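A short write-up of the structure that comes next.
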Amino acid sequence: PFFVIATQNAIEMTGTYPLPEAQLDRFFTRLSLGYPDRASEIAVLGARTTEQPLDALQPVTNLEALLAMQEGVRRVFVHDRIREYVVDVVRSTRESNQLMMGASPRGSLQLMRAAQAWAALQGDDRVLPDHVKAMAGPVLAHRVIGRAELRTQGQTTEDLVKRLVESVNAPTT
């Protein structure tokens, strides 16, 4: 399996440039962890005072187990109505007048796979609308480009994706 984790600095920082849309679309999800709380930050300092924590890292899985987990995600059932819902959610980003660019069909594929993974993590054997809703922000917000008015109103693409998801009728399964 090919797996990359990348960090992103704020665009306003010197020496950083936004990625082209085609590259953003290739990232599966974008998560914002924020800053650690005070106690956690102190613990980070303590862990690095006398040793390098990376030197003590131990594997938590192996290749066979990872491949089995990936196969397990692919086996999570996706009903036709859920696939239609995923497409409708993604298409709503393309039809929004608050976006200059909506998500591509790659966004639909990744949203469906993320919903399957979320369902598996929840112990479910099928994707529900709530799984799609839970993953829409992390999967779609970095794939869309908001109009200037969105930013001047203090809104983020995450906020807009959430509103768009709520505006699409979810199927009853």
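Values as computed for the structure displayed
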{"item": "Qualifying residue in segment 141-151 (condition: modelled with pLDDT of 95 or more and either over 18 Å from residue 25 (Cα atoms) or touching a helix residue (DSSP H, G or I) at 6+ places or on another chain (Cβ under 9 Å) (or both))", "result": "no"}
{"item": "Residues of segment 161-172 classified as surrounded by 13 or more Cβ atoms within 10 Å (Cβ to Cβ) and either among the β-branched types (Val, Ile, Thr) or in contact with a Ser or Thr (Cβ under 7 Å, 6 or more places away or on another chain) (or both), total", "result": "4"}
{"item": "Residue in segment 16-44 that is modelled with the lowest pLDDT, counting only those that are in contact with a helix residue (DSSP H, G or I) (Cβ under 7 Å, 6 or more places away or on another chain) and of a type in the set (A, V, I, L, M)", "result": "24"}
{"item": "Residues of segment 14-49 that turn out to be surrounded by 11 or more Cβ atoms within 10 Å (Cβ to Cβ), assigned to a loop (DSSP other than H, G, I, E, B) and in contact with a Pro (Cβ under 7 Å, 6 or more places away or on another chain), as a count", "result": "2"}
{"item": "Residue among 7, 61 that alone is without any contact (Cβ under 8 Å) to a residue 12 or more places away in the chain, more than 22 Å from the chain's Cα centre (by Cα) and surrounded by fewer than 11 Cβ atoms within 10 Å (Cβ to Cβ)", "result": "61"}
{"item": "Some residue of segment 78-100 being part of a helix (DSSP H, G or I), of a type outside the set (A, V, I, L, M), under 17 Å from the mean Cα position of the chain (by Cα) and under 24 Å from residue 68 (Cβ atoms)", "result": "no"}
{"item": "Residue 73 vs. criteria within 15 Å of the chain's Cα centre (by Cα), outside any strand (DSSP E or B), modelled with pLDDT of 95 or more and surrounded by 11 or more Cβ atoms within 10 Å (Cβ to Cβ)", "result": "no"}
{"item": "First in segment 32-52 and touching a residue at least 24 places away in the same chain (Cβ under 8 Å), second anywhere and basic (Lys, Arg), Cβ under 6 Å, 6 or more apart", "result": "none"}
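The values are calculated or read from the model by the stated rules, or taken from the named source; none is laboratory data. None of these values were measured; they are calculated from a predicted model. Glycine gets a Cβ as well: all are built from the backbone with ideal geometry, and neighbour counts include every protein chain shown.
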